[in-house]
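Single-structure report; data block below.
The values are calculated or read from the model by the stated rules, or taken from the named source; none is laboratory data. Fair warning: this is a prediction, and the values are worked out from it, not measured in the lab. Glycine gets a Cβ as well: all are built from the backbone with ideal geometry, and neighbour counts include every protein chain shown. Surface areas here come from the heavy atoms of the whole protein model, side chains and all, with no ligands, DNA or RNA. Shrake-Rupley method; radii C 1.70, N 1.55, O 1.52, S 1.80 Å.
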Amino acid sequence: MKTLGETLKLAREEKELILRKVAAEVDVDQSLISKFEKNERKPTMDQLVRLAKFYGLSENELIINWYSEKIAEELKYTELTSEILKVAEEKIKYYKNQEDGK
């Protein structure tokens, strides 16, 4: 399983691009892209979408990776992870039903 940063770095390296070139093309600072690749920072959703399009990566897969890393980072030190995720899934269904007027 690759981290988001590893996925982004591999995509850049496969295209044999330097950070400066990617930065210019996606309008994101070179130092930020470097931090994304080192997993020191997370891109914003807008930056993530631009990188996905530029590299020709699946936007959905990157978004799933982005959210799952955020959740994993929050829950990595708790012993209640499975229970928390089950309740969160139930709450998401509840919220969606509320929005749909059900």
Practice prompt. Quick one: net charge around Asp27, please, counting Lys, Arg +1 and Asp, Glu -1 for every other residue with C-beta under 14 Å from its C-beta.
Written response: +1
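In Å², what does the accessible area per residue of the chain work out to with a 1.4 Å probe?
Working: 7690 Å² over 102 residues.
I get 75 Å² per residue for this part.
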Worksheet item: Once you charge only the Cβ atoms, +1 for Lys and Arg and -1 for Asp and Glu, what is the size of the charge dipole of the chain about its Cα centre, to the nearest 20 debye?
Response: 140
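Where does the chain land at 222 nm, in deg cm²/dmol rounded to the nearest 500, when only DSSP H runs of n ≥ 4 count, each adding -39500 (n - 2.57), divided by all residues?
Result for the chain, helices only: -22500 deg cm²/dmol.
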Worksheet item: Which pairs in the list Lys53/Lys93; Lys9/Lys53; Lys2/Lys38; Lys42/Lys93; Lys42/Lys70 are over 18 Å apart, alpha-carbon to alpha-carbon?
Response: Lys53/Lys93; Lys42/Lys93
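Calculate the dipole size of the stretch 8-52 relative to its Cα centre from +1 charges on Lys and Arg beta carbons and -1 charges on Asp and Glu beta carbons; express the result in debye to the nearest 20. Spell out each step's value before the answer.
Details: 10 positive and 9 negative charges, 25 e Å.
Around 120 debye, computed over the stretch 8-52.
Given the Cα-Cα distance of Lys38 and Met1 and 0.36 nm per residue of separation, how much length would full extension add, in nm?
Working: separation 37, 0.36 × 37 = 13.32 nm, distance 1.54 nm.
Result for the pair: 11.8 nm of gain on full extension.
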Worksheet item: Which residue, Ala72, Ala23, Ala11, has the most motion in a Gaussian network model of the chain that connects Cα atoms within less than 10 Å?
Response: Ala72
Item to complete: Mind telling me which of Leu51, Leu62, Leu75 comes out most flexible in a GNM of the chain, alpha-carbon contacts under 10 Å?
Response: Leu75
Item to complete: Using only the Cα atoms, work out Rg/Rh for the stretch 1-60, with Rh taken as the Kirkwood radius, to two decimals.
Response: 0.90
Fill in: Candidates per GluC sites (Glu not before Pro) in the stretch 31-60, loop by DSSP, up to 14 other Cβ within 10 Å
Glu40
Practice prompt. Tell me which label goes with the value of log10 I(q)/I(0) by the Debye sum over Cα atoms at q = 0.14, 0.24 Å⁻¹ computed from the coordinates here: (i) -0.55, -1.22; (ii) -0.64, -1.23; (iii) -0.85, -1.25.
Written response: (ii)
Worksheet item: Put +1 on the Cβ of every Lys and Arg and -1 on every Asp and Glu Cβ in the chain; which of Leu4, Ala24, Met45 then has its Cα farthest towards the positive end of the dipole?
Response: Ala24
Worksheet item: For the chain, what % of the accessible area comes from carbon and sulfur atoms, probe 1.4 Å?
Response: 50
Item to complete: Pick out which of Leu32, Leu19, Leu85 has the largest mean-square fluctuation in a Gaussian network model of the chain, springs linking Cα atoms closer than 10 Å.
Response: Leu85
